[in-house]
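This report concerns only the one structure given below.
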Amino acid sequence: MDYKKLGRTGLKVSPLCMGTMQFGWSVNESDTHKILSATLDAGINFIDTADVYSKWVVGNPGGVSETFIGNWMKQNKIPRDQIVLATKVRGEMGKGPNDQGLSRVHIVNAVEASLRRLQTDYIDLYQSHWTDDDTPVEETLRAFDDLLKQGKVRYAGASNYAAWELMQALWTSDKNNLVRYDSIQPHYNLLHRDEFERELRAVCVSYGIAVIPYSPLAGGFLTGKYRKNAPLPESKRAEGRKREMTDKNFALIDEMEVIALRHEATISQIALAWMLADPIITSPIIGATSIEQLEENLGSLKVKLGEDEIASLNKLTAWTDADE
């Protein structure tokens, strides 16, 4: 496993990050533990979660993913220093007016709750899940800075920030000598390139921001299980993939299948290999819900695409200024 630096920091993370949004949603706790153990055994040391996972599911109070991870570490006596543990704050975790957002009061309360669920005394990477228009950026960053000084957080990051919002945060950190965001989690994959590539990519390159893309397989569409004129597969997210079912995207899947056959790989491995070939990408977040899926995702690390193959995929998924 070739580990990579998290942006400009000295922290080393695996080239794939285990995302845990499905844990407690479509994956039970027993299977979660098995997947996490296999993940660590394979050399992946980077695990990402969020306090709100998966509160949108009926009967899920939020915090379940963090709880599963904490139980796994304790029951399996996982050495804490062998894991880079990332979680996020911002979402609604209660009914009170201060039970969400990026205010000092919510961040201070939320980090303590996450530490309890994770059964640890520090979080390696604490991230703003998305922006909060009700809270000054300086207030958020001062709260993060205090957590760093207290040893409860090692690094700070952001998710779902536009380029100008990330720049605003970086300027605020520089002006006030506060901790800065050293990573960003953008929504990025072959089908969804423009949001990151328009402006955010240039900011990350210029300021040494680690890029940890989520949904690198476009919610499963880039696995090849969705085919033209074929019935939808049985999946909790299948209905949400209908908007991707266009002639253009099916043509992309056909090309990816040709490239996959050439490399004796799978379509999903090609999707990940395309992303891994870009030096700006630090660690795509995979969402394996079984050990078989994990092993398939790991196979992408062995796939080295040729320049002509990358160019072909780029051409098929190119965006223009007219795209929304």
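The values are calculated or read from the model by the stated rules, or taken from the named source; none is laboratory data. This one's a predicted model, so the numbers in the text were calculated from it and none came from an experiment. Note that each Cβ is placed from the backbone with ideal geometry, even for glycine, and that neighbours are counted across all protein chains shown. Just the protein is used for accessible areas: all its heavy atoms, side chains included, with ligands, DNA and RNA removed. Shrake-Rupley method; radii C 1.70, N 1.55, O 1.52, S 1.80 Å.
Structure data summary
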item	result
Calculated FRET efficiency for the pair N60/D321, C-beta based, R₀ 56 Å, to 0.05	0.90
Volume in Å³ per residue [convex hull over Cα atoms, computed for the chain]	138 Å³
Share of carbon and sulfur in the accessible heavy-atom surface of the chain [1.4 Å probe, %]	49 percent
Where labels lie 7 Å past Cα in the beta-carbon direction, separation of T9 and D41 in nm	2.9 nm
Accessible area in square angstrom per residue, the stretch 45-127, 1.4 angstrom probe	40 Å²
Long-range Cα-Cα pairs in the stretch 67-110 (distance over 11 Å), rounded percent	71 percent
Cross-link pairs K55/K302; K77/K152; K77/K304; K225/K248; K12/K88 - those with Cα-Cα distance over 24 Å	K55/K302; K77/K304
At R0 = 25 Å, FRET efficiency that the Cβ-Cβ distance of R80 and S290 yields, to 0.05	0.45
Rounded FRET efficiency, nearest 0.05, which uses the C-beta distance separating R227 from M167 and R0 of 56 Å	0.85
Antiparallel content of DSSP bridges confined to the chain, in %, to 5	10 percent
The stretch 62-113: trypsin sites (Lys or Arg not before Pro) in DSSP loop, at most 10 other beta carbons within 10 Å	K77, K95
Burial order of peptide ranges 148-157, 14-23, 184-193, 1-10 (average beta-carbon count within 10 Å, highest first)	14-23, 184-193, 148-157, 1-10
Cα-centred dipole magnitude for the chain, charges only on beta-carbon of K, R (+1) and D, E (-1), debye, nearest 20	700 debye
Ordering of 43-54, 134-145, 206-217 by burial proxy (mean other Cβ atoms within 10 Å per residue, highest first)	43-54, 206-217, 134-145
Nearest-ten-degree value, helix 163-176 long axis tilted from longest Cα axis of the chain	30 degrees
Highest-MSF residue in the chain out of W56, W25, W171 [GNM, Cα springs under 10 Å]	W56
Charge dipole (debye, nearest 20) of the stretch 1-111; +1 at Cβ of Lys and Arg, -1 at Cβ of Asp and Glu	360 debye
Mean residue ellipticity (222 nm) of the chain, computed from DSSP H runs ≥ 4 via -39,500 (n - 2.57), nearest 500	-12000 deg cm²/dmol
